[in-house]
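Asker: Let me begin by handing over the structure; questions about it come next.
Read-outs throughout are calculated quantities, based only on the coordinates presented, and are distinct from any laboratory measurement. Note that the structure is a prediction, hence the values are computed from the model and not measured. Glycine gets a Cβ as well: all are built from the backbone with ideal geometry, and neighbour counts include every protein chain shown.
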Amino acid sequence: MSNKLEIKNISCNINDSQILKNINFEIESGKVVVLMGPNGAGKSTISNVLMGNPKYEVTSGNIVLDGEDITDLETNEKAKKGLFMSFQNPVEISGVTMTNFLRTSYNSLNNTNIQLNEFMKLLKSNMEELGLDAKFRGRFVNSGFSGGEKKRAELLQLMLFEPKYVILDEIDSGLDVDGIKLVSEMLNKILAKRKMGVLIITHYNKILEYIKPDSVVVLKNGEISKTGGIEVAQKILESGFNE
Ligand SMILES: Nc1ncnc2c1ncn2[C@@H]1O[C@H](COP(=O)(O)OP(=O)(O)O)[C@@H](O)[C@H]1O
Ligand SMILES: [Mg+2]
């Protein structure tokens, strides 16, 4: 069986205007792919299409996860198949604590009913790994979190849910240089322990000082303009997206 997430010839419309044109690339299990491109290139559109956001109309192509066509599945079904997306701007859910949110999601994704004390143990060890204060558990989801805390809350989900394929949409946005370093180091630690295929979406190069991709895909005006290894990213770092 092929352990990879394949994006095959995907085109997509929003409100009848075409945003993505014939996108082809794949994320192998255990590998890191970086998707780069200027603002408005269509990067977040790709992540929305992968997760099945109903606002995005797929007009051609298929999404295939470990050999299974998942193009038309609902978002929650895709999540159960092992697809995870971290939002560029994580939503604040006031009134719902992190513990409740994470436990409910955990149970739903795993079709289980983990006992509270057992879940707390799991949560505690993962939070310690991320250097998150215990108080964090009782706070409302993303409510008043700093930029770095929001990103760590996303990484915490990644650790608890152990998805097969992970889409990180601008996990570096809203962070200063030290914040990017910290989040990258945590991500590297997580990936060293768990086999996941990762798509890192960024319009900024800083994160590539800390995370070494196996391949790089460059998007421009809704189309792939270049693919290759780390050298493709280095070229962009030197001369920008427009050479
Ligand atoms: N919900 C939407 N409604 C209308 N146009 C959208 C919507 N989302 C994105 N677009 C358009 O699609 C294009 C790609 O946007 P996006 O995928 O967010 O780019 P990126 O993430 O690369 O900055 C842009 O021209 C943007 O204006
Ligand atoms: Mg975006």
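Asker: Can you tell me which residue in segment 168-195 is nearest to ligand 1 (Cβ to nearest atom), limited to those that are part of a loop (DSSP other than H, G, I, E, B) and crowded, with 20+ Cβ neighbours inside 10 Å? So that I can check it myself, show each step before the final result.
Answerer: Just the residues of segment 168-195 that are part of a loop (DSSP other than H, G, I, E, B), to begin with: 170-176, 194-195.
Next cut, crowded, with 20+ Cβ neighbours inside 10 Å only: 170-172, 175.
Numbers: Glu170: 8, Ile171: 13, Asp172: 13, Leu175: 17 Å.
Once the filter is applied, the top-ranked residue is Glu170.
Asker: May I pose another question? Looking at Leu155, is it closer than 26 Å to Ala41 by Cα, away from ligand 1 (no atom under 16 Å from the Cβ) and not in a loop (DSSP other than H, G, I, E, B)?
Answerer: Considered against the rule, which asks whether it is closer than 26 Å to Ala41 by Cα, away from ligand 1 (no atom under 16 Å from the Cβ) and not in a loop (DSSP other than H, G, I, E, B), Leu155 comes out as yes.
Asker: Turning to a different aspect of this structure: Quick check on segment 83-125: of everything there that is under 21 Å from Tyr165 (Cβ atoms) and small (Gly, Ala, Ser), which residue is farthest from the chain's Cα centre (by Cα)?
Answerer: Of everything passing the filter in segment 83-125, Ser108 is farthest from the chain's Cα centre (by Cα).
Asker: Ok, one more. Quick one: which of Val96, Val34, Val58 is among the β-branched types (Val, Ile, Thr), out of contact with any Cys (no Cβ under 8 Å at 6 or more places or on another chain) and surrounded by fewer than 20 Cβ atoms within 10 Å (Cβ to Cβ)?
Answerer: Values: Val34 fails: surrounded by fewer than 20 Cβ atoms within 10 Å (Cβ to Cβ); Val58 fails: out of contact with any Cys (no Cβ under 8 Å at 6 or more places or on another chain).
Going through Val96, Val34, Val58 in turn, just one is among the β-branched types (Val, Ile, Thr), out of contact with any Cys (no Cβ under 8 Å at 6 or more places or on another chain) and surrounded by fewer than 20 Cβ atoms within 10 Å (Cβ to Cβ): Val96.
Asker: Which of the helices (runs of 4 or more DSSP H) found entirely inside segment 32-134 contain at least 2 residues meeting this: more than 16 Å from ligand 1 (Cβ to nearest atom) and farther than 26 Å from Ile236 by Cβ?
Answerer: On the way: elements: 43-51, 75-80, 98-110, 116-129.
Result: 75-80, 98-110, 116-129.
Asker: Just the residues that are touching a residue at least 60 places away in the same chain (Cβ under 8 Å) and out of contact with any strand residue (DSSP E or B) (no Cβ under 6 Å at 6 or more places or on another chain), please, taken from segment 225-241.
Answerer: Across segment 225-241, the qualifying residues are Ile236, Phe241.
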